[in-house]
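The values are calculated or read from the model by the stated rules, or taken from the named source; none is laboratory data. Here the structure is a predicted model, which means the values were calculated and not measured. Counting neighbours? That spans all protein chains shown, and the Cβs are built from the backbone with ideal geometry, glycine included.
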């Protein structure tokens with residue numbers, strides 16, 4: 001079991017946007033993504049590369065003791081098995097991607113962006 005570290009970058013061209021990424025290629029359901037503490041307002045998630053696994057976006061408000069799958073504005077669970085981009089409806093203290101089945105393919109990355117307040 002491995003911990004998948006996050007990488008955070010502030011964009012120079014969009015000074016109020018912070019994007020965090022996880023490189024998921026080769027990881028499976030036994031691996032855990034490092035959680036991201038959120039401070040911004042609007043949030044979105046994007047997957048790129050070969051998404052050969054099912055990956056959900058989870059949030060926690062109890063310091064990471066428990067997580068729940070977050071949803072888009074229509075109430076649909078944020079679950080990806082292909083490349084995609086979606087808005088994240090809920091605001092939670094922590095957020096992370098989690099592989100629920102399969103193995104993430106080559107170049108599979110998850111990006112979460114938030115707009116600062």
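What number of residues within the range 8-21 are exposed (fewer than 12 other Cβ atoms within 10 Å of the Cβ) and within 13 Å of the chain's Cα centre (by Cα)?
Matching residues across the range 8-21 total 1.
Among the listed residues 85, 70, 24, 36, which satisfies the condition of being surrounded by 16 or more Cβ atoms within 10 Å (Cβ to Cβ), in contact with a strand residue (DSSP E or B) (Cβ under 9 Å, 6 or more places away or on another chain) and at pLDDT 95 or above?
After applying the criteria, what remains is 70.
Give just the number: which of (1) touching a strand residue (DSSP E or B) at 6+ places or on another chain (Cβ under 8 Å); (2) surrounded by fewer than 19 Cβ atoms within 10 Å (Cβ to Cβ); (3) over 18 Å from residue 115 (Cβ atoms) does residue 47 not satisfy?
Among (1) touching a strand residue (DSSP E or B) at 6+ places or on another chain (Cβ under 8 Å); (2) surrounded by fewer than 19 Cβ atoms within 10 Å (Cβ to Cβ); (3) over 18 Å from residue 115 (Cβ atoms), residue 47 violates only (2).
Going by the conditions given, is residue 112 surrounded by 16 or more Cβ atoms within 10 Å (Cβ to Cβ) and within 19 Å of residue 7 (Cβ to Cβ)?
Answer is yes for this residue.
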